[in-house]
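Coordinate-derived values only; no laboratory data. Being a predicted model, the structure only gives us computed values, none of them experimental. Methodologically, a virtual Cβ is constructed for each residue, glycine included, from the backbone with ideal geometry; neighbour enumeration extends over all protein chains shown.
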Amino acid sequence: MTQTVLLIDDDEAMRRSTEQALELAGHHVRAFASAEEALRTAAPGLNGVVVSDIRMPGMDGMTLLQHLQEIDPDLPVILITGHAEVALAVEAMRRGAYDFIEKPFAMQAFGAVLKRALDHRALVIENRRLRAVAGQHDDIEARLPGRSSAMIDLRRQVRSIGPSETDVLITGPTGSGKEVVARALHDLSPRAGKPFVAINCAALPATLIESELFGHEAGAFPGAMRARFGRFEHARGGTILLDEIGSMPLELQAKLLRVLQDRVILRLGSNDPLALDVRFLATSKVDLAQAVAQGAFREDLFWRLNVASLRLPALANRREDIPVLFLHLLRESAARHGVEDRLPDPALLAQMTALDWPGNVRELRNAAERHVLGLDWLEAEGAPATRLAERVAEYERSVIAAAITAHRGRLRPVYESLGISRKTLYEKMQKHGLDRHLIRDGDDGEA
């Protein structure tokens, strides 16, 4: 299982020498000159550790630690400190840092600390996977947030299908999170420590598509000076995501079908079959069954892929999730940019709930990004044109849902801020099918 060391140090000479020493010791290292850069790559499922200097311009190591804990509290952070900063480093450990090492340090001592942190992280990730298999708590809630029945059912299906070896077809509109689901399936599987290779079928050059996927031998075609592994071979032991498979040319679909059936490939210019131990996932924004009826997609390939299928809903079909999802995306964006998390006004959340969001989660993520950066994002468009009574009811529902979200499930400040009685609030919540636990960690009390 390949683990990554994120190394952050503004001192270029120190950063490069440490990076080189770690690589010579066999570690995979990604080095950054600032904490802000490193935050953009940090994710809840990062398989590795963070090593950071404390004293840096801009965001320092202590602030970085705080943001990383918001992203993943189990991510080990090792701080590099000067002699005069040992007390600060000890304080950082009280706040959740894994360990610290004092400059100048011997690589042997540093390597021992790093190994313990990597072993600890590997155990955390494996425990998460096993808990997910057993149906216990995992990070799927964070990856696929939402309290709508559609999202609850989707998470249940992901937890059920993820640990299996079944090929999966994931469908849904553009921006609905199909690749997020694919990565969750991979991370829940026994293949989690192996490569996850995403292939955009719509972006592959038509003249080189076979060589890209299957690889080629030297001399297979003009310009093929040496043998080359294809994308399929790079994924051996892991998972292949065929993104937007509906865009794959028909002639290549026949070859893909053979790979799916036999799990072997032939490089261009070779007659020697190569066994392929992979799991296939595929995504599509178009209805493949309709594409089959139109002759644009092979029926046999469709049925071979459609052993298990997951359908992602459009955001407009789960409006009750918009406030919760927007707050989640705000926290992610604030952590990436290293800025303070700003809660939006409930009236703004109500406006958002009334919009259609044709770009789905991707569009909502862009709105969260702009909100964090202090930019205007709400376009001058109204709610969908419906009957007045329906629009009034939808607006009332969105305002109450947004207030519940803003007050983290505590009902007293909700009915007080809305200027209604507790009884009226309960009646309206029942009328609109609203749950006071819209926020998972909300207080059960009224206060």
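Relative contact order for region 4-131 using alpha-carbon pairs under 8 Å, separation at least 6, rounded to a whole percent? Mind showing how you got there, number by number?
Details: 185 pairs, mean separation 28.3, N = 128.
Relative CO of region 4-131 lands at 22 percent.
Could you work out the percent of alpha carbon pairs in region 1-56 separated by over 15 Å, rounded to a whole number?
Numbers: 675 of 1540 pairs.
Counting pairs separated by more than 15 Å, the tail of P(r) holds 44 percent.
Suppose R0 equals 35 Å; then what is the FRET efficiency for L373 and V307 from their Cβ-Cβ distance, rounded to the nearest 0.05? Kindly include the intermediate steps, with their values, before the conclusion.
Numbers: r = 43 Å, r/R0 = 1.23.
Taking R0 as 35 Å, the efficiency between L373 and V307 is 0.20.
Return the whole-Å distance between the Cα centroid of region 1-24 and the Cα centroid of region 25-90.
12 Å
Just add up the charged neighbours of K285: K/R +1, D/E -1, any other residue whose Cβ is under 14 Å from the Cβ of K285. Mind dumping the intermediate values first?
Values: positive: K178, R311, R362; negative: E179, D243, E244, D287.
Once all neighbours under 14 Å are counted, the net charge is -1.
Hand me the trypsin sites (Lys or Arg not before Pro) from region 11-64 located in a DSSP loop with no more than 13 other Cβ atoms within 10 Å, in residue order please.
Details: sites: R15, R16, R30, R40, R55; in loops: R40, R55.
Answer by residue number: R40.
Assuming R0 = 35 Å, what is the FRET efficiency of S270 and D153, from their Cβ-Cβ distance, to the nearest 0.05? Spell out each step's value before the answer.
Numbers: r = 45 Å, r/R0 = 1.29.
Efficiency, rounded to the nearest 0.05: 0.20.
Considering every Cα-Cα pair within region 317-432, what fraction, in whole percent, is farther apart than 17 Å? Intermediate results must be reported in sequence, preceding the final value.
Values: 3784 of 6670 pairs.
Value for region 317-432: 57 percent of Cα pairs lie more than 17 Å apart.
Okay, helix-only estimate at 222 nm for the chain: each DSSP H run of n ≥ 4 adds -39500 (n - 2.57), divide by all residues, round to 500 deg cm²/dmol; what do you get?
Details: 19 runs with 204 residues, N = 447.
That comes out to -13500 deg cm²/dmol.
Set the Förster distance to 51 Å, then compute FRET efficiency between L123 and E299 from the Cβ-Cβ distance, nearest 0.05.
0.65
Need one number: nm distance between label points at A289 and T2, each 7 Å from Cα along Cα→Cβ, rounded to one decimal.
3.9 nm
Sorting check: for 251-261, 356-366, which peptide has the highest mean count of neighbouring beta carbons within 10 Å, and how do the rest follow?
Numbers: 251-261: 15.5, 356-366: 17.6.
Packing proxy ranking, top to bottom: 356-366, 251-261.
Taking region 301-350, which trypsin sites (Lys or Arg not before Pro) meet the DSSP loop condition and have no more than 11 other C-beta atoms within 10 Å?
Working: sites: R304, R311, R318, R319, R331, R336, R342; in loops: R318, R342.
Hits after loop and neighbour filter: R342.
Subtract the Cα-Cα distance of V90 and S34 from 0.36 nm times their separation in residues, and report this length gain in nm to one decimal.
On the way: separation 56, 0.36 × 56 = 20.16 nm, distance 2.21 nm.
Roughly 17.9 nm would be gained on extension.
Indicate the gyration tensor shape class of region 170-296 (rounded, prolate or oblate), computed on the Cα atoms with a ≥ b ≥ c the square roots of the eigenvalues: a/c under 1.5 is rounded; otherwise a/b larger than b/c is prolate and the rest oblate. Don't jump to the answer; show the numbers that get you there.
Details: a/c = 1.97, a/b = 1.32, b/c = 1.50.
Since a/c reaches 1.5 but b/c is at least a/b, the shape of region 170-296 is classed as oblate.
Lysines near K431 by alpha-carbon distance under 20 Å, same-chain residues fewer than 8 away left out - which ones?
Cα-Cα hits under 20 Å: K423.
So what is the relative contact order of the chain, in percent, for Cα pairs below 8 Å that sit 6 or more residues apart? Please list the in-between numbers first.
Details: 716 pairs, mean separation 54.9, N = 447.
About 12 percent, as a whole number.
How far apart, in nm, are two points set 7 Å out from the Cα along the Cα-to-Cβ line at S421 and at R116?
So the two model labels end up 6.2 nm from each other.
Translational diffusion coefficient, Stokes-Einstein: compute it for region 1-126 using the Kirkwood radius over C-alpha pairs as Rh, at 4 °C and 1.567 mPa s, and state it as an integer in µm² s⁻¹. Intermediate values should be presented prior to the final figure.
On the way: Rh = 14.3 Å.
After rounding, the answer is 91 µm²/s.
Extension gain L252-Q108, at 0.36 nm per residue separation less the Cα-Cα distance, in nm?
Values: separation 144, 0.36 × 144 = 51.84 nm, distance 5.18 nm.
Between L252 and Q108, full extension yields 46.7 nm more.
Starting from the Kirkwood Rh over alpha-carbon pairs, what translational D in µm² s⁻¹ does the chain have by Stokes-Einstein at 20 °C and 1.002 mPa s? Can you show the working numbers first?
Values: Rh = 24.8 Å.
Answer, rounded: 86 µm²/s.
State the answer as a single residue: which of I420, L364, A354 lies farthest towards the positive end of the charge dipole of region 317-432, with beta carbon charges of +1 for Lys and Arg and -1 for Asp and Glu, about the Cα centre.
I420
Report the gain in length on full extension from F229 to D60: 0.36 nm times residue separation, minus Cα-Cα distance, nm rounded to one decimal. Let's see the in-between values first.
Numbers: separation 169, 0.36 × 169 = 60.84 nm, distance 4.21 nm.
In short, 56.6 nm is gained.
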